[in-house]
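K.L.:
One structure follows; several queries about it will come next.
Throughout, read-outs are computed from the coordinates displayed, never taken from laboratory work. Computed from a prediction, not measured in an experiment: that's the story for all the values here. Glycine also receives a Cβ, built like all others from the backbone with ideal geometry; neighbour counts cover every protein chain displayed.
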Amino acid sequence: MSLPGPAGEAPRGFWRRRVGDLLLSLLAEGLTPEKLALGLATGLVLGLFPIVGATTLLCLAAGFVFRLNHVALQLANHLAYPLQLPLILAFVRLGERLVGARPVSFDPLTLVHHFHRDPAGFLREFGLTGLHGILGWSLVAPVLFAAAFFTLRPILRQLDTGLRRAGRRPAVPS
């Protein structure tokens with residue numbers, strides 16, 4: 001249940017408070033719609049990287065190298081997480097097909113048990129599987145990035161225009 005906002009304002013739901021308001025504040029602080037869309041698209045794509053635990057570091061590195069907004073990167077990274085786990089198998093299968101490898105068994109409980117029992121053996125046995133996943137992801141990532149960027153940019157431009165009209169963002173100098 002969300003608490004009512006200021007007088008006369010309807011209560012805002014979880015997504016509006018946690019995502020929408022954050023995006024609006026980034027725009028109001030001066031981030032351009034293009035830079036915000038770039039950060040969100042990058043965070044989404046890196047958030048789907050098929051090695052669990054690597055996405056936050058990848059987003060951090062991308063932020064420093066490409067001077068992207070870290071809040072936007074991590075927001076998209078965290079929003080992508082529910083998709084990351086199911087897509088790992090899809091990326092691995094795509095990579096296996098590309099190199100003609102025999103599909104590995106993907107029973108999550110067996111994999112976790114094997115990892116805990118013998119981490120080095122697990123990496124020897126499934127390291128190549130991780131590379132297959134990275135190969136599959138690397139083929140899908142550019143297409144997904146372009147789709148996310150070109151979908152988000154006009155939406156963020158509209159939000160930015162609304163902020164300017166409401167006087168919550170200064171006009172861009174010409």
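K.L.:
Please work out which option in (i) 16.5, 49; (ii) 25.2, 85; (iii) 20.1, 63 gives Rg and Dmax of the Cα atoms in Å calculated from these coordinates, and answer with its label.
P.N.:
Looking at Rg and Dmax of the Cα atoms in Å for this model, the match is (iii).
K.L.:
Kindly express, to the nearest 10 degrees and within the range 0 to 90, the angle between helix 33-47's C-alpha long axis and the longest C-alpha principal axis of the chain.
P.N.:
Between the helix axis and the principal axis of the chain, the angle is about 20 degrees.
K.L.:
Starting from the amide H of R12, placed 1.01 Å from N in the peptide plane, find each other amide H under 5 Å away whose residue is 5 or more places distant or on another chain.
P.N.:
The answer is G5.
K.L.:
Here is a further query. Listed highest first by mean packing, meaning other Cβ atoms within 10 Å per residue, what order do 29-42, 148-161 come in?
P.N.:
Details: 29-42: 20.0, 148-161: 16.1.
Per-residue mean Cβ counts within 10 Å order the peptides as 29-42, 148-161.
K.L.:
Output ³J(HN,Hα) for region 73-85: one whole-Hz value per residue in order, computed from phi by the Karplus curve 6.51 cos²θ - 1.76 cosθ + 1.60 with θ = phi - 60°, and x for Gly and Pro.
P.N.:
4, 6, 4, 5, 4, 5, 5, 7, 3, x, 8, 4, 4
K.L.:
At 222 nm, what value in deg cm²/dmol follows for the chain if DSSP H runs of at least 4 each add -39500 (n - 2.57) and the sum is divided by all its residues, to the nearest 500? Walk me through the numbers on the way to the answer.
P.N.:
Numbers: 6 runs with 122 residues, N = 174.
Result for the chain: -24000 deg cm²/dmol, rounded to the nearest 500.
K.L.:
Using the beta-carbon distance between H114 and V140 and R0 = 41 Å, what value does 1/(1 + (r/R0)^6) give for FRET efficiency, to the nearest 0.05? All intermediate terms of the calculation are to be shown ahead of the outcome.
P.N.:
Values: r = 27 Å, r/R0 = 0.66.
Efficiency computed from Cβ-Cβ geometry: 0.90.
K.L.:
Net charge within 15 Å of H114 by Cβ-Cβ distance, Lys/Arg positive one each and Asp/Glu negative one each, not counting H114 itself?
P.N.:
On the way: positive: R117, R124; negative: D107, D118, E125.
Net charge around H114: -1.
K.L.:
Tell me, what HN-Hα J-couplings in whole Hz come from the Karplus equation 6.51 cos²θ - 1.76 cosθ + 1.60 at θ = phi - 60° for each residue of region 157-167, using x for Gly and Pro?
P.N.:
Each residue of region 157-167 in turn: 5, 5, 4, 5, 4, x, 5, 5, 5, 7, x Hz.
K.L.:
First measure r as the distance between the Cβ atoms of R165 and A61, then evaluate 1/(1 + (r/R0)^6) with R0 = 41 Å and state the FRET efficiency to the nearest 0.05. Mind dumping the intermediate values first?
P.N.:
Details: r = 37 Å, r/R0 = 0.90.
Computed FRET efficiency for R165 and A61 comes out at 0.65.
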